[in-house]
Amino acid sequence: MEKELVLQAKNWIESAKHIVIIGHKSPDGDSVGSSLGLYNTLIKFKEDVQVCMPDPYPGFLRWMKGTDEIKNFEQHTSQVMDLMEQADLIFCLDFNSETRVGKMENSLREASAKKIMIDHHQDPSDFADITFSFPNECSTSQLIYKFLAHAELLNYLDADAGACLYCGIMTDTGSFKFPNTSPETHRIIANLMENGVDHYKIHELVFDQNTEDKLKLRSSIISNSLRVLEEYKTAIIAVSQKDLEKFNYEKGDTEGLVNVALSLGTVNRSAFFTEEDGLIKISFRSKGIENPVNGIASKYFEGGGHINAAGGKYLGTLDQAVQKFVTVLPEFV
Ligand code: 5GP
Ligand code: MN
């Protein structure tokens, strides 16, 4: 991170009266973790800091300090619009294009606030006043840690804020196993632990809070909806709204199933299709840099993402979405 830009950002923080921190649609561990990590740090010395998200965060992140204060556009529409309008500084975290914030897009475009983007996705658009874009970094939460370090603000980062950053780094690195995990990642994690973050508690809070319904839903999906295209070393899971309703589906219940499909020794790529908000949402995952999935996501499914984790959408039925994927797949293997 360029020292000059960091100092400029720090100046803006110091002079701002109303700071808003926003993340992307369908917020994940890194989106919420980086936002609350920064939030819990800034509120130590700033009076008015708010976190706004396009839609609700999944329940497995509820333990983080500050989740009660998050306003989401779906449920608090006018409040979020007001906050965005009144803000004089907006942090855009874990996304790099105004199109990634769903129905909040207009509010973001029209906001007169200065904007600081901190993100690790490929191909950033140029909408922010300061852009910290580092596609080789594992997570935005790691970038927040580095930003606070460069800005000499780490003394405000307590164990609660550190736990949020730990969670973002943990989830975006697949618990420190994806290729994006670096020696620096482990050094930052070590610093967080020395600063009072209890790593084992966070793993338990995130991964070991399943309900019986959730486990049954997941096993039913794996039994009934998993398909393997051996020729293309690709696993597919397609889940309809009807499949979800059988076990009292709650947001987040199918999180990570795309990785379960990828765990098959015979595959190096997986795709998870599900019906959501009247369209088909797709998650792609793969093993190794030689099997990128962001290309297929951006070329055919109006999406994008990282080399080994990408996503997109399709307007049509579940079957049509899967059919399209199977048809274009040979181009990418
Ligand atoms: P997930 O499968 O967890 O929803 O998304 C994995 C990654 O794919 C995200 O971190 C994000 O980088 C990317 N991604 C998911 N959905 C979209 C989308 O609709 N558009 C773009 N550009 N990227 C997406
Ligand atoms: Mn991320």
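The values are calculated or read from the model by the stated rules, or taken from the named source; none is laboratory data. All figures in this text were calculated on a predicted structure; none of them were measured in a lab. Because the Cβ atoms are built from the backbone with ideal geometry, glycine has one as well, and the counts that use them run over all protein chains shown. Accessible surface areas use protein heavy atoms only, side chains included; no ligands, DNA or RNA. Shrake-Rupley method; radii C 1.70, N 1.55, O 1.52, S 1.80 Å.
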Between MET53 and residues 5 or more places away or on another chain, which pairs have amide H atoms under 5 Å apart, with H built 1.01 Å from N, and which residues are they? LYS71, ASN72, PHE73
Per residue, what accessible area does region 212-332 have, given a 1.4 Å probe and all protein chains present, in Å²? 51 Å²
When the charge dipole of the chain is computed with +1 at the Cβ of Lys and Arg and -1 at the Cβ of Asp and Glu, the Cα pointing farthest to the positive end, of GLY312, THR140, ALA161, is that of GLY312
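Could you pull out the longest piece of the chain with no exposed loop trypsin sites (Lys or Arg not before Pro) in it, calling a site exposed if DSSP puts it outside H, G, I, E, B and it has at most 13 other Cβ atoms within 10 Å? Can you show the working numbers first?
Details: sites that count: LYS17, LYS44, ARG62, LYS177, LYS246.
Of all site-free stretches, the longest is 63-176.
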Please report, in debye to the nearest 20, how large the charge dipole of region 212-332 is about its Cα centre when each Lys and Arg carries +1 at its beta carbon and each Asp and Glu carries -1 there. 220 debye
Would you mind listing how long region 75-129 runs along its three principal axes, going by Cα atoms, in whole Å with the largest first? 32, 22, 14
With θ taken as phi - 60° and the coefficients 6.51, -1.76 and 1.60, list the Karplus ³J(HN,Hα) couplings across region 79-87 in order, rounded to whole Hz; mark glycine and proline as x. 5, 5, 4, 4, 4, 5, 6, 7, 4
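How big is the shadow of the Cα convex hull of region 212-332, averaged over all directions, in nm²? Before the final figure, lay out the partial values.
Details: hull surface 27.7 nm².
About 6.9 nm², averaged over all directions.
Between their Cα atoms, which of LYS65/LYS287; LYS201/LYS251; LYS44/LYS115; LYS115/LYS324; LYS103/LYS313; LYS10/LYS313 are more than 26 Å away from each other?
On the way: LYS65/LYS287 33 Å; LYS201/LYS251 22 Å; LYS44/LYS115 21 Å; LYS115/LYS324 38 Å; LYS103/LYS313 16 Å; LYS10/LYS313 37 Å.
Pairs exceeding the cut-off: LYS65/LYS287; LYS115/LYS324; LYS10/LYS313.
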Quick one: angle between helix 29-42 and the longest Cα principal axis of the chain, in degrees between 0 and 90, rounded to 10, please. 10 degrees
Work out how much length ASP319 to ASP48 would gain on full extension: take 0.36 nm times their residue separation and subtract the Cα-Cα distance, in nm to one decimal. 92.8 nm
Give me a comma-separated list of calculated 3J(HN,Hα) values for region 241-251, in order, Karplus coefficients 6.51, -1.76, 1.60 applied at θ = phi - 60°, integers in Hz, x for any Gly or Pro. 4, 5, 4, 5, 5, 4, 10, 6, 3, 10, 3
Using a basic spin-label model with each label point 7 Å from the Cα along Cα→Cβ, how many nm lie between GLU14 and MET193? 3.5 nm
About the Cα centre of the chain, what is the dipole size in debye to 20, counting +1 per Lys and Arg Cβ and -1 per Asp and Glu Cβ, all else neutral? 640 debye
Stokes-Einstein diffusion coefficient for region 1-126 at 20 °C in a medium of 1.002 mPa s, Rh from the Kirkwood formula over Cα pairs: what value in µm²/s? 148 µm²/s
In whole Å and largest first, what semi-axes does the C-alpha gyration tensor of region 66-161 yield when each eigenvalue is scaled by 5 and square-rooted? 23, 18, 13
If you fit an axis through the alpha-carbon atoms of helix 159-172 and take the longest principal axis of the Cα set of the chain, what angle between them do you get, 0 to 90°, nearest 10? 30 degrees
Quantify, in whole percent, the carbon and sulfur part of the accessible surface of the chain (1.4 Å probe; protein heavy atoms only). 47 percent
20 Å-binned pair-distance histogram of the chain (Cα, whole percent): 32, 58, 10
Lys/Arg +1, Asp/Glu -1 at C-beta; the chain dipole; positive extreme among ASN72, ALA151, VAL228: VAL228
Find which of GLY102, PHE91, ALA321 sits farthest along the positive direction of the dipole of the chain, computed with +1 on the beta-carbon of Lys and Arg, -1 on that of Asp and Glu, about the Cα centre. ALA321
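Take the alpha-carbon positions of region 106-184, form their convex hull, and give its projected area averaged over all directions (one quarter of the hull surface) in nm². Let's see the in-between values first.
Numbers: hull surface 26.0 nm².
Projected over every direction and averaged, the Cα hull of region 106-184 covers 6.5 nm².
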Roughly what would the spin-label model give for GLU231 and SER219, points 7 Å off Cα along C-beta, in nm? 3.4 nm
Per the Cα gyration tensor, region 121-229 corresponds to an equivalent ellipsoid with semi-axes, largest first in Å, of 31, 21, 12
Per DSSP, the loop-located GluC sites (Glu not before Pro) within region 72-167 having at most 11 other beta carbons within 10 Å are GLU152
Largest first, what is the accessible-area ranking of LEU83, LEU38 with a 1.4 Å probe? LEU83, LEU38
